[in-house]
Amino acid sequence: MDDTLSYSGAISDIGDVGTGIQSFNYVTDSTNVNILNVGAHSVVHYGIPEEQPPVEHEDPIPVLCIVHKPVGPILSTRRRSRDPDPKADCRLLVGVKHDVSSNELMALSFSENLSNGIVGTDINDPSRQYLIDLTSISNMSTDDHCDRPSRCLYCPLVPDPSQITLTRNVCGFWLRFFGPATTFDVSLGLRVAKLRSDDDTLPKTPEHTTTDSETIELVDEVTISIETCSVRRRRKNNSEREVRDEDGEVRKATRWKDVWIRGSKEVTDSSGDLVPRVMNRTKRTGSLKTKSYGQILGRLEMLGEEGNWAEFDYFSAHLVKTYERKDVDLYLVVALEQAFAEYYKRNLGAAVTITKGALKTLKKRPADNTNMLAGRAYYLLSAIYQVARKYGVAERCMEHAQQALSDFEIGEDTGNACYNKGSLYTDIIANDSCPSDRMFDEVRESLELAICHWRKDPSGCVAHQRRAHTKLASALLVCDTQQGRARNVNPRNVEAARRSIETVRKELWQGMPKRGRCRFLLTESDLYYREEGFTLSQEKAHEARNLATQCGFKLEAEMADQRLVHLASCQRSPVPTRTTSQLLNGVTLADSTMGSSMASRDSSSEQLG
């Protein structure tokens, strides 16, 4: 019983950050919880009932944990806005635990599912995924004679790392109610999917050939009750507000999923089930599954990484002319590579024009790999807007990319989306005078998740892994802007950056192209700068600038020039060079000195006493 009480106290600390709303945990409705007493002081036993024999050698069953639920009657509304309103709509927040005896929520990366559910990907094992969705919404009122039916809208709520809106590893749903006062029973379900590996030797049935995930069943379900109340409002003559997208097309509240309820019967606005029983992951199809695709993409990437722009332009123009009418998928792949080339050559306007043209082509002409190509286009736009420091637009493009690739096979493109997220927050940190530790955690998690995704790709994506390690070191050193270089950095972050650089040197150095070498030299320069080795830092920056100028990498050349200007001012006031180990030893020595001084102060006070 002591263990039960201590566990209850542990989970009660899980709160809703940034809202000021008191949070409670309602887990007594879970199918994996045994209620011992019923009443105001009910005791919940988190474990297997005593009458059941213990089961050995079985994987733990994950469970849902309600972090926050609406308290008190919720006002019904007539609002039709597309985006949720924190002041009018209510939130239901949940997390996932390994089992009923676990004291912590699982470390998951959340994204929206096409069925308006939430997919949580295990950060430590991206092949494991958890689907969280509303399995049913029922009206518990006995009044079936109302002319106006009750109605509920809901949409996913996933964490936004740029704002402290939720605690870590917590997701949820926005809820909006319409109609007369009633009581709703809202049920949430948790399902688990384990992705199949390509080396699975078991025979696969025809059903298994359509998806790379196991058919999943409900492993846990939690039901909560929400009471609503109606208010009299002045009738208005204006119709439902229309929302227009960037192309001027009318787009109504498609973000929400509708559930109309008469009595205890629910009706959804889709012909399928409220929650899909299988989490499908689409794969490359058509011409993008052939060897010619890999050969074309590999050659274009290598020409770009080596800065051989003349041959790149000639080869890409020939491919565009060949596939423009013949194969829309390959045509768009080549067009997006041309946009990447303009981005690296610092022609941002041309890069945006080509990318948006590719998105318009996707709307007009059907492609076999629409989601993959759309995701690739959006994370390219995000990278372009990062360079232009339009972080709001970059973040929206990043979200579009993640949504397009949410059901795509784990590999190169999903890893690129994760990398783009880490890169975006790296730039935000560099231009923030006082970034939070949460932002650094988000960068590290995003880049580590990108590396995990790339390792799942059949090719291994060694070049991408090298890029992620370099970016992680750069994020920890915070030297991409003048404001970042003027900031003090934790010596432990400097040591972690050194480890990432050594990983590239020892394990991933072979075959590094020229652009990757430029970025790596710049990061090495930043490391020496943080260790106050300004001479070595200047040498690495000079080496990076010479290579970037030789290959026509304008972006990298500008980055090197910025470092050299700052290092020239540092050379005028020389400081003794210190290594990272010396910095760490200095921190330890300072801690011990402070401790000894405090001890001597205490002993002297005792003597005076």
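Read-outs: derived from the displayed coordinates by stated rules, not from any lab. All figures in this text were calculated on a predicted structure; none of them were measured in a lab. Every residue, glycine among them, receives a Cβ derived from its backbone with ideal geometry; neighbour counts consider all protein chains shown.
Most exposed first by the Cβ proxy, i.e. fewest other Cβ within 10 Å, how do 449, 297 rank?
Going from sparsest to densest Cβ surroundings: 297, 449.
Starting from the Cα of residue 324, move 7 Å in the Cα-to-Cβ direction to define the label point; list residues of the range 344-367 whose amide nitrogen is under 19 Å from there.
350-367
Determine, for each peptide in 414-420, 59-65, 306-312, the mean count of other beta carbons within 10 angstrom over its residues, then list the peptides with the highest first.
For the peptides 414-420, 59-65, 306-312, the packing ranking is 414-420, 59-65, 306-312.
For the range 131-137, what does the Karplus curve 6.51 cos²θ - 1.76 cosθ + 1.60, with θ = phi - 60°, yield as ³J(HN,Hα) per residue in whole Hz, taken in order and with x for Gly and Pro?
So the J values, rounded to whole Hz, are 9, 10, 8, 7, 7, 6, 10.
Under a point spin-label approximation (7 Å from Cα along Cα-to-Cβ), what is the residue 535-residue 558 distance to one decimal in nm?
Each label point lies 7 Å from its Cα, and together they span 3.3 nm.
Whole angstrom only: what separates the Cα centroid of the range 343-378 from the Cα centroid of the range 517-555?
Their Cα centres are 32 Å away from one another.
Taking H placed 1.01 Å from N in the peptide plane, check which residues at least 5 places from residue 166 or on another chain put their amide H under 5 Å from its amide H.
160
Please sort 170-177, 386-393 by packing, taking for each peptide the average over its residues of neighbouring beta carbons within 10 angstrom, highest first.
Going by the mean number of other Cβ atoms within 10 Å, highest first, we get 170-177, 386-393.
Calculate the spin-label point distance for residue 224 paired with residue 434, positioning each point 7 Å from the Cα along the beta-carbon direction, and give it in nanometres.
Taking the two extended label points, one gets 3.3 nm.
Do the alpha carbons of any pairs in 326/471; 364/554; 291/356 sit beyond 31 Å of each other, and which pairs?
326/471; 364/554
Quick one: dipole size for the range 282-409, taken about the Cα centre, charges +1 on Lys/Arg Cβ and -1 on Asp/Glu Cβ, in debye to the nearest 20. Please list the in-between numbers first.
On the way: 19 positive and 15 negative charges, 92 e Å.
Charge dipole of the range 282-409: 440 debye, to the nearest 20.
Give me 545, 346 sorted ascending by neighbouring Cβ count inside 10 Å, so fewest comes first.
So the residues, fewest neighbours to most, are 346, 545.
Filter the cross-link list 289/456; 360/456; 514/540; 360/514 down to pairs whose alpha-carbon distance in this structure exceeds 22 Å. Working shown, then result.
Details: 289/456 17 Å; 360/456 31 Å; 514/540 14 Å; 360/514 33 Å.
Beyond 22 Å between Cα atoms: 360/456; 360/514.
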